[in-house]
Amino acid sequence: MNQIAHIDQVEVTGKDAITGYQAFKLGNFSITRDEYFAKVTWVAKGQEHSHLMSVDAFLRAIMRDVAWGFFYGWVNFDHVIGTQNHYGSVDFYAGTFNGVLKDAGVDYVENFATPKIMATFKAILHDWVNAGFDPFAAPEETGSAFGRKNGENIEAIDRYRIATKRMPSLEGDSPLRDDLEINRQFADVNQDEPLIHCEPGFEGQLGGFNLFKYLSRSDVTWNPSVTSVCKASLFCPTTEEYILPIFHGNDRVEWFMQFSDEITWDIGDKVDGAPIARIVMKPGDICAMPANIRHQGYSTKRSMLLVWENATPDLPEKFASGELAPYPVAF
Ligand code: PHB
Ligand code: FE
């Protein structure tokens, strides 16, 4: 088994004699699974409260949180539980960003140093992901998450984000993974690489690659790779099939550009989850996700999406204080 960093910070409270799964404690939360569900338990108003999630959805969500280092802002696993990134520490909450539970005062939130919550989430994945289940894969392309403990899939869960080291295609950058097979739904994507003609003296400084070919071979879904970095501007293309496993709550504006096929987005209020809008994006469509919403996408046919992130430091404070409007443009 691979080393888990900060393993001493993980609190395992037992192992179920029938299912074989470990039970975890994270601060005052208990986190357990059975054959179908993940269960999160907390105390509020002197009483125990709990929340169930289908374990496949839970594992897909926690996998994204781990792979993305808790991402920008909020990663809602569903309408009740999730994390808020404070960039150095992370809140884990139950009901805090659900209008009904929050108003009833039965929510609970606790802050953790990032290494502790990261180690705990990784340990949950290591123990709860069975052989044959890949939390990054589309449901049609993976085995079952359900049932009693049955082996492990370390290879799938230790596959983190691919980041570029320099301009893709130039020597010294991360490999473009030509070894991966063309996905069944991208069989029609042209695989030709561009021809690069450099003026003498500029060899090795000018590059180009077929982004559609690269995406057609992605073996993961809903997992943007940072493919170019220009100052604070990050281009993060990704291939999408089935449901984005989280509701992302923005702490800044981000942009989507639909490269192929179609994604439907559900947009809700960031704070209480109330539904706001439904957006259908077709090839060529561009839209901005404001800083005051949460969003979750649905893609029936595997599609290609460009997520454009703004990594400018201090953006969360500027939006939270009202210095910046939540929308990129005022009409
Ligand atoms: C997002 O939260 O904006 C997001 C995350 C993962 C994706 C696409 C969009 O694959
Ligand atoms: Fe987002």
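Does THR300 fit the bill of being more than 12 Å from ligand 1 (Cβ to nearest atom) and open to solvent by less than 60 Å² (accessible area, probe 1.4 Å)? Even if it seems obvious, please write down each step before you answer.
On the way: more than 12 Å from ligand 1 (Cβ to nearest atom): yes; open to solvent by less than 60 Å² (accessible area, probe 1.4 Å): no.
So THR300 fails the test.
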Review point. Only one of (1) open to solvent by 30 Å² or more (accessible area, probe 1.4 Å); (2) in contact with a His (Cβ under 8 Å, 6 or more places away or on another chain) fails for PHE212. Which number is that?
Key: (2)
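Considering segment 290-303 alone, what residues qualify as being more than 16 Å from the chain's Cα centre (by Cα) and either in a strand (DSSP E or B) or among the hydroxyl-bearing types (Ser, Thr, Tyr) (or both)? Can you show your working first?
Step one: filter segment 290-303 for residues more than 16 Å from the chain's Cα centre (by Cα), giving 290-293, 300-303.
The answer is ILE293, THR300, LYS301, ARG302, SER303.
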Revision key, fill the gap. From the option list GLN258, GLN185, single residue qualifying as within 14 Å of ligand 1 (Cβ to nearest atom), touching a strand residue (DSSP E or B) at 6+ places or on another chain (Cβ under 9 Å) and outside any loop (DSSP other than H, G, I, E, B) is GLN258
Review point. Looking at segment 215-230, which of the residues that are modelled with pLDDT under 95 and away from ligand 1 (no atom under 15 Å from the Cβ) is nearest to THR142 (Cα to Cα)?
Key: SER228
Check your understanding: Of the numbered conditions (1) more than 11 Å from ligand 1 (Cβ to nearest atom); (2) closer than 26 Å to LEU211 by Cα, ILE243 satisfies every one except a single condition; which is it?
Key -> (1)
Check your understanding: Taking into account only those residues within segment 236-280 that are open to solvent by 10 Å² or more (accessible area, probe 1.4 Å) and under 13 Å from the mean Cα position of the chain (by Cα), which is farthest from ARG217 (Cα to Cα)?
Key -> PHE247
Study note, to complete from the structure: Within segment 158-204, restricting to residues that are more than 16 Å from PRO237 (Cα to Cα) and aliphatic (A, V, I, L, M), the one that is most open to solvent (accessible area, probe 1.4 Å) is LEU195
**Study point:** Single condition LEU195 does not satisfy, out of (1) more than 16 Å from ligand 2 (Cβ to nearest atom); (2) touching a residue at least 24 places away in the same chain (Cβ under 8 Å)
**Key:** (2)
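The values are calculated or read from the model by the stated rules, or taken from the named source; none is laboratory data. Predicted, not measured: the structure shown is a model, and the values here were computed from it. Methodologically, a virtual Cβ is constructed for each residue, glycine included, from the backbone with ideal geometry; neighbour enumeration extends over all protein chains shown. Each accessible area value is taken on the protein alone, full model and side chains, heavy atoms only, with ligands, DNA and RNA left out. Shrake-Rupley method; radii C 1.70, N 1.55, O 1.52, S 1.80 Å.
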